[in-house]
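K.L.:
Would you mind keeping the following structure in view while I ask a few things?
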Amino acid sequence: MVLDDGLEVPMGRPGILKKPQIDAGPLKVLIESLHDLHLQVGRPSLSKISTKSGKKTDDGYLGTSTISYVMSEPRLPDSHTMQRLVAVLVEFAPAGSMNLDETTMRFIERWKAAAKAEADPPPSPRVQDLLMTGHAYLRLAEQYQRAERMAGRVLSERTVANEWAYVAELSAPLLGDEHPVTVGARERASANSG
């Protein structure tokens with residue numbers, strides 16, 4: 001099947017959209033929520049969604065390839081396109097069964113969470129595993145010792161505060177936010193910050 005903008009896609013059953021393979025996280029929540037909304041409104045086909053979005057010359061028009069991209073690719077869609085798709089999908093719901101403003105706000109919040117996670121991604125599972133090894137604890141111990149030494153020799157309180165803040169940053173994922181080392185490092189960072 002050739003879509004309106006020349007892309008060729010394999011034929012599937014109308015209204016059944018492929019879910020992308022995405023690791024757990026805010027993007028997965030967003031895309032799965034879009035699929036859930038699509039299901040709640042009766043699984044309209046791409047062509048029906050596109051037709052309901054308007055004419056090709058309209059500002060808010062959504063082509064079938066754009067809809068497919070938003071729903072089936074493991075990437076964060078742009079906010080405007082996602083909001084337009086949500087609005088069009090809500091139009092398929094029985095009258096009075098969905099509040100457009102509430103639904104749109106829910107999706108905007110999910111989009112913001114996914115955008116934030118994309119801008120500041122968590123460490124990969126491999127890095128997380130490495131952080132929990134003996135080397136990570138050794139590094140924390142060495143950094144703690146360095147901060148203690150600096151406290152007695154360095155004249156700049158800001159430099160010492162930064163070292164203690166770094167110790168707290170290393171300690172929290174290894175030992176926990178409430179561990180005495182983490183709490184103590186944060187207190188020392190605050191005391192030396194001025």
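The values are calculated or read from the model by the stated rules, or taken from the named source; none is laboratory data. These numbers come from a predicted model, not from an experiment. Cβ: placed from backbone, ideal geometry, glycine included. Neighbour counts: every protein chain shown. When the accessible area is computed, the model is the full protein with side chains, heavy atoms only, and any ligands, DNA or RNA have been set aside. Shrake-Rupley method; radii C 1.70, N 1.55, O 1.52, S 1.80 Å.
K.L.:
If you check every pair at least six apart or on different chains, which have Cβ atoms under 6 Å apart with a residue in segment 134-156 that is over 12 Å from Val167 (Cα atoms) first and a residue that is modelled with pLDDT of 75 or more second?
P.N.:
Pairs found: Met150/Val160; Met150/Glu163; Ala151/Val160; Val154/Val160.
K.L.:
Under the condition of being modelled with pLDDT of 80 or more and either open to solvent by less than 70 Å² (accessible area, probe 1.4 Å) or among the β-branched types (Val, Ile, Thr) (or both), which residue from segment 111-139 is farthest from Glu169 (Cα to Cα)?
P.N.:
Among residues in segment 111-139 that are modelled with pLDDT of 80 or more and either open to solvent by less than 70 Å² (accessible area, probe 1.4 Å) or among the β-branched types (Val, Ile, Thr) (or both), the one farthest from Glu169 (Cα to Cα) is Trp111.
K.L.:
On to the next question. Specify the residue that is nearest to Val88 (Cα to Cα); the eligible residues are those in segment 29-67 that are open to solvent by less than 20 Å² (accessible area, probe 1.4 Å) and among the β-branched types (Val, Ile, Thr).
P.N.:
Looking at the filtered set, the residue picked out is Ile49.
K.L.:
Okay, next question. As an exercise: evaluate Pro20 against (1) modelled with pLDDT of 90 or more; (2) at negative phi; (3) surrounded by fewer than 17 Cβ atoms within 10 Å (Cβ to Cβ) and give the number of the one condition it does not meet.
P.N.:
Failing condition for Pro20: (1).
K.L.:
Quick one: what pairs do we get from segment 66-95, first residue under 19 Å from Lys56 (Cβ atoms), second open to solvent by 60 Å² or more (accessible area, probe 1.4 Å) and part of a helix (DSSP H, G or I), C-beta under 7 Å, 6+ apart or different chains?
P.N.:
Ala87/Leu100; Val88/Lys52; Glu91/Lys52
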